[in-house]
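Working notes, structure below.
The values are calculated or read from the model by the stated rules, or taken from the named source; none is laboratory data. These numbers come from a predicted model, not from an experiment. Here the Cβ positions follow ideal geometry from the backbone for every residue, glycine too, while neighbour counts run over all protein chains shown. Please note that ligands, DNA and RNA were not included when accessible areas were found on the heavy atoms of the full protein model with its side chains. Shrake-Rupley method; radii C 1.70, N 1.55, O 1.52, S 1.80 Å.
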Amino acid sequence: MEASNTIKQMLAGNKIFVPSYQRAYSWEKEQAEQFLSDLKDTQSKYYFGHFILEENGDINEIIDGQQRITTSVLFLIACQKILKTNVYNSMINGFETCNYDQPNYIKLVTNHHFQLPENATLSLNNLKTTLNYFENELNSKDVDVRKLVDKLLDAEISIHKTKGKGVAAQIFELHNSRGLKLNVIEKV
């Protein structure tokens, strides 16, 4: 079932879970900068891409879009702290990262300055780096945090939900590895 929604609708729905077989959270400061720059620079309605989810009861497992949705949740965590509100709690708490990072992720969400353990995964380090980057950038007096949050939550997305891993895997494969890659001129 394909639907056009917003980030807010997706996060306000069923629980979203990153299965442990997914790629770890790999976005670094460079991608967080691009994410924030896109939000700041977009004048009209923002399209945030396509997501593939596997419905499993009241849980949606992310098959494609994990980096974007995780970054969105980290952004909301930082905004909520800066705005001194709990209005985004249901969206934040409805998200779970990979089970191997989840216990430390919860500590990071509740205490942004939580000292990561020595054996922290690279993905957990990236989660903390991204969260800290957003906090630092959004604390600037030049940033209208509420406007950026509204722009993100109203961003249009497309979602394909499936009930089985087989179909979800096929969709992911078709989206990410078929066809010819664009050359530089075609990208422009």
Step by step: first the residues of region 31-51, then only those that are open to solvent by 40 Å² or more (accessible area, probe 1.4 Å) and of a type in the set (Gly, Ala, Ser), then the one that is nearest to residue 139 (Cα to Cα). Which residue is that? 37
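In this structure, is residue 96 surrounded by fewer than 20 Cβ atoms within 10 Å (Cβ to Cβ), acidic (Asp, Glu) and touching a residue at least 40 places away in the same chain (Cβ under 8 Å)? Walk me through it before giving the result.
On the way: surrounded by fewer than 20 Cβ atoms within 10 Å (Cβ to Cβ): yes; acidic (Asp, Glu): yes; touching a residue at least 40 places away in the same chain (Cβ under 8 Å): yes.
In short, yes.
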Only one of 143, 109 is at negative phi, under 18 Å from the mean Cα position of the chain (by Cα) and at pLDDT below 95. Can you tell me which? 109
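Among the candidates 108, 11, single out the residue that is touching a residue at least 60 places away in the same chain (Cβ under 8 Å), in a helix (DSSP H, G or I) and closer than 23 Å to residue 126 by Cα. Talk me through it step by step, then tell me what you get.
On the way: 108 fails: touching a residue at least 60 places away in the same chain (Cβ under 8 Å).
Exactly one of 108, 11 is touching a residue at least 60 places away in the same chain (Cβ under 8 Å), in a helix (DSSP H, G or I) and closer than 23 Å to residue 126 by Cα, namely 11.
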Among 28, 61, which is under 22 Å from residue 129 (Cα atoms) and surrounded by fewer than 22 Cβ atoms within 10 Å (Cβ to Cβ)? 28
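Is it the case, given these coordinates, that residue 54 is charged (D, E, K, R), within 14 Å of the chain's Cα centre (by Cα) and surrounded by 15 or more Cβ atoms within 10 Å (Cβ to Cβ)?
The answer is no for residue 54.
Among 59, 92, which is of a type in the set (A, V, I, L, M, F, W, C) and touching a strand residue (DSSP E or B) at 6+ places or on another chain (Cβ under 6 Å)?
On the way: 92 fails: touching a strand residue (DSSP E or B) at 6+ places or on another chain (Cβ under 6 Å).
Checking each option against the conditions leaves just 59.
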Only one of 69, 82 is modelled with pLDDT of 90 or more, within 26 Å of residue 14 (Cβ to Cβ) and part of a helix (DSSP H, G or I), namely 69
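Which ones in region 111-125 are assigned to a loop (DSSP other than H, G, I, E, B) and open to solvent by less than 50 Å² (accessible area, probe 1.4 Å)?
Passing the criteria: 112, 114, 116, 117, 120, 121.
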